[in-house]
Amino acid sequence: MSKILYILVTICVLSWRQTMGDDFVECLISANRDNIDSELGYIDPISGSVLTIPEKLTEDLSSIQVQCKKTSQTFTNKIRLSLDDTGKDVIDAKNYITVTCGSGTLSPAILTAQTSWCSTGCPLLPTDPSTNWKVVYPFPLLSTLETAAPVLQNSELEVSVTCRTGSAPANGGSTAVTTKCTNSGYNPNLRELITCVPGCTDLPKTGNVSASPAASTTSGAAPYNIGDIVVLSCAQSGYKVSTTDQITCLSTQRWNDARIPLCVPAMTGSSAIRASALASVNVVFVLVMIMCSFGYQ
């Protein structure tokens, strides 16, 4: 009776462990070991240092952030194309790939039967909503070769980084708008490139045009937020705004009137009458062409 009870208890415990996920299946890393050790490492989650890729992922270390050991390198186009959009975004922003062991299978499978992962160059710069960047590369910098990096190293050619339509430079944020792919990665690095946030830019005012309310100066914020209504006026007597005198920051993060407001003379009295009279006159222009006979000029 006691033996039967023991067996039943054991079966229940094993069943409980399986239900609770205690049946972890380790993942062997089967790619070429020498190549892994020369090209790749993983980021220690505590110290941040780069460690040697283990022989397998276990329950105690089931997920690792894999990166190229050399700061002058990034993952090749072949590796990049094997990832989903989220994986590509992580490479662009942080230059590593998160590899996870689940049910004995590595995902993504970049550490399985691979022989090469890295090449000299830089990843593409991130253009997802976390940055709001518009990035323009000089054509010679880009490569689509499977064995090459997406952006080739070049100490002369600059990559342009600006705020994409619908965003504005953040007050007090980073301001660099160009970078280069160098031997140590992007310089200036991503943290030093322009900080862009949703909102509308400051108004391109000229002359004596004043705006109410004035642009925000709060650190990290856009000059104007969606829904802000700004009234334009001219301080000088006898002048008016050349555009509409009230504009709105739309949900598209653009002003509803993109024209540059100017202060222009306000026509009143006889000036307005003269202008109206001139506008009512129909002027006909006749084009006359005069030519000389052959041999004369």
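Read-outs: derived from the displayed coordinates by stated rules, not from any lab. Worth saying up front: this structure is predicted, and the values here are computed from it rather than measured. Note: ideal-geometry Cβ built from the backbone for every residue, glycine included; neighbour counts use all protein chains shown.
I need the shape label for the range 74-178. Rule: rounded when a/c is under 1.5, else prolate if a/b > b/c, else oblate, with a, b, c from the alpha carbon gyration tensor.
Here the range 74-178 falls in the oblate category.
Just to check I understand the Karplus step: with θ = phi - 60° and J = 6.51 cos²θ - 1.76 cosθ + 1.60, what whole-Hz values come out for the range 48-65, glycine and proline as x?
Result, rounded to whole Hz: x, 6, 8, 10, 6, 4, x, 5, 7, 9, 10, 5, 7, 9, 9, 8, 9, 9.
Of ALA170, ALA148, THR131, which is farthest on the positive side of the dipole of the range 117-192, counting Cα position, with +1 on Lys and Arg Cβ, -1 on Asp and Glu Cβ, and the Cα centre as origin?
Positive-most Cα among the choices belongs to ALA170.
Starting from the Cα-Cα distance between SER174 and ALA214, subtract it from 0.36 nm times their residue separation and give me the gain in nm to one decimal.
12.2 nm
Considering the zone a paramagnetic label at SER251 would reach in this model (a point 7 Å from Cα along the Cα-to-Cβ line), which residues of the range 195-227 have amide N under 12 Å from it?
Within reach of a label on SER251, which here means backbone N under 12 Å from a point 7 Å along Cα→Cβ, the range 195-227 contributes 227.
Quick one: what are the phi-derived ³J(HN,Hα) couplings along the range 254-261, Karplus 6.51/-1.76/1.60 with θ = phi - 60°, whole Hz, x for glycine and proline?
Ordered by residue, 3J(HN,Hα) equals 10, 6, 6, 9, 8, 5, 7, x Hz.
In what sequence, highest mean first, do 67-80, 92-105 appear when ranked by Cβ atoms within 10 angstrom?
The packing order, highest mean first, is 67-80, 92-105.
Please label the shape of the range 135-238 as rounded, prolate or oblate, based on the square roots a ≥ b ≥ c of the eigenvalues of the alpha-carbon gyration tensor (a/c under 1.5 means rounded; beyond that, a/b larger than b/c means prolate, else oblate).
Since a/c reaches 1.5 and a/b is larger than b/c, the shape of the range 135-238 is classed as prolate.
Using the basic label-point model (7 angstrom from Cα toward the beta carbon), what is the ASP128 to THR147 distance in nanometres?
3.1
Ordered by residue, what ³J(HN,Hα) values in Hz, to whole numbers, does the range 36-42 give under the Karplus form 6.51 cos²θ - 1.76 cosθ + 1.60, where θ = phi - 60° and Gly and Pro are x?
So the Karplus estimates, Gly and Pro as x, are 4, 5, 7, 9, 10, x, 10 Hz.
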